[in-house]
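Down below is the structure, laid out as structure tokens.
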Amino acid sequence: MKAAIISLESESSRWTVTAMQNYFDNVDNINLKEIEVHSLKNKIEILHNGKPLGKYDCIYVKGSFRYALILTAITSALFDKTYMPIAPESFDIVHDKFLTQLVLQKHNIPMPDSYFSPTLNAAKKILKKINYPIIIKLPKGTGGKGVMFADSFPAASSMLDAIGPLKLQVVIQEYMETNSTDTRAIVVGDKVVASYQRKAAEGEKRANIHMGGVGIKCILDEKTKKVAVKTAKALKSDICAVDILETPLGPFVIEANISPGLQGVTKYTGIDVADIIAKFLYKKANEFKDKGKTKDTSKIFADLGIKAASDEIKEIITNVDFRGDRILLPELITKITKFDEKDELSIKADKGRLNIEKIKKEENK
Ligand SMILES: Nc1ncnc2c1ncn2[C@@H]1O[C@H](COP(=O)(O)OP(=O)(O)OP(=O)(O)O)[C@@H](O)[C@H]1O
Ligand SMILES: [Mg+2]
């Protein structure tokens, strides 16, 4: 089995490559900046350092929001050919907090109420209608630097005035009291595999580690775990960090990260998340390959004139052999029906028609 990581070669990506080498026969570590996507009249080509990208059973593509377009392009070209943990449409959505909010809202995932308008003048009108305190944030990732806390209309309004000349768009969000903590849940497949709580530095509201916050391992309650897994599913991402505010009213998701750093979570929880991800990718790549084989078999059947409706074989168009006056059915029928010498069969026959069914033995007999 062959795999590749296409990334900005962060330390987390290197850890994941090393872990994947324990499962896959071969793992290539490819720099996202060396990739070209060519959309030609009859095909899409992915080149690495000017040469066509090799064939892989699994490709894990990751990178920051600045690279959302190339991440989307690579994934949309290869998503049906190889196992990839993140769907093409996820990159644009997850890299924007407000788009994330809209998707999660449709899936009934709790998030703080948020407001967006195309201009700062319009945003000011919103500021007059809402309760304080509030959070004003830039929709794209900033490691906490684009998140502002305003406890009154004058404070919020002057913040928008300061942002004005920078021509930035902002999301206005209800402030949720959590004692300046937030929780990060790492979701791999259907499970939260590790989680930790971040506590903001003294006098600070933002719990980001970059902003001086500290992390501590925590165990999530079932409801919060469910919300985290549901978030990853809604964002079509098999590997995802979900950031949650745990409040007296329950968990509220604030954002998701499809390229989560592994250093923090490994340090605070002692859990080898890189190994869990690698094992998961290997399992999924195998499942993807087997699914491909089933598709191939269906094609051979189709070529033989065997019609298949979904996974169920409905009809076989063939001749039957005769041994003397006895009908001999094709070997394929034995394989499909899984009839056994010991089986009792009910045979219904009419002119031009034959139906053979196994008699089901009653249970507990
Ligand atoms: N609605 C809110 N209510 C209370 N605290 C909030 C709210 N939104 C954000 N915070 C605090 O601010 C911190 C940073 O916010 P957020 O995670 O939305 O942006 P970010 O960390 O800058 O984004 P990114 O992680 O993409 O760089 C959070 O970790 C949390 O501590
Ligand atoms: Mg954050």
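Computed from the coordinates by the stated procedures, all read-outs in this text should not be read as laboratory data. Owing to the predicted nature of the structure, the values given are computational and were not obtained by experimental measurement. Glycine gets a Cβ as well: all are built from the backbone with ideal geometry, and neighbour counts include every protein chain shown.
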(message) Just want the answer: with Cβ charges of +1 for Lys and Arg and -1 for Asp and Glu, which residue in 75, 5, 24 is farthest toward the dipole's positive end in region 1-145?
(response) 75
(request) Treating only the Cβ atoms of Lys and Arg (+1) and Asp and Glu (-1) as charged, compute the dipole magnitude of region 178-280 about its Cα centre; round to the nearest 20 debye. (result) 140 debye
(message) If I build a Gaussian network model for the chain, linking alpha-carbon pairs within less than 10 angstrom, which residue out of 240, 58, 218 has the largest mean-square fluctuation?
(response) 218
(message) Taking amide H atoms as placed 1.01 Å from N in the peptide plane, list the residues 5 or more away in sequence, or in a different chain, whose amide H sits under 5 Å from that of residue 9.
(response) 32
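Assuming a ≥ b ≥ c are the square roots of the Cα gyration tensor eigenvalues, decide whether the chain counts as rounded (a/c under 1.5), prolate (otherwise, with a/b larger than b/c) or oblate.
prolate
In the structure shown, do any of 33/279; 140/217; 338/360 have a Cα-Cα gap over 25 Å, and if so which?
Result: 33/279; 140/217 exceed 25 Å.
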(message) Please give the charge dipole size of the chain, origin at the Cα centre, charges +1 on K and R Cβ atoms and -1 on D and E Cβ atoms. Round to the nearest 20 debye.
(response) 500 debye
(request) Just name one of 180, 218, 354: the one whose Cα is farthest towards the positive end of the charge dipole of the chain (beta-carbon charges, Lys/Arg +1, Asp/Glu -1). (result) 180
(message) My understanding is that a pair violates if its Cα-Cα distance is over 18 Å; which of 2/289; 145/223; 191/225; 230/289; 230/283 do that in this structure?
(response) 145/223; 230/289; 230/283
(request) Output the antiparallel fraction of DSSP beta bridges having both residues in the chain, as a percent to the nearest 5. (result) 85 percent
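Rounding to the nearest 20 debye, state how big the charge dipole of region 113-174 is about its Cα centre with +1 on each Lys and Arg Cβ and -1 on each Asp and Glu Cβ.
Numbers: 8 positive and 4 negative charges, 43 e Å.
Roughly 200 debye, rounded to the nearest 20.
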(message) What is the distance in Å between the Cα centroid of region 133-195 and that of region 318-346?
(response) 68 Å
(message) What's the longest uninterrupted piece of the chain once you rule out the GluC sites (Glu not before Pro) that are loop residues per DSSP with at most 11 other Cβ within 10 Å?
(response) 1-176
(message) Just want to confirm a number: the relative contact order over the chain, from Cα pairs under 8 angstrom separated by 6+ residues, in percent.
(response) 14 percent
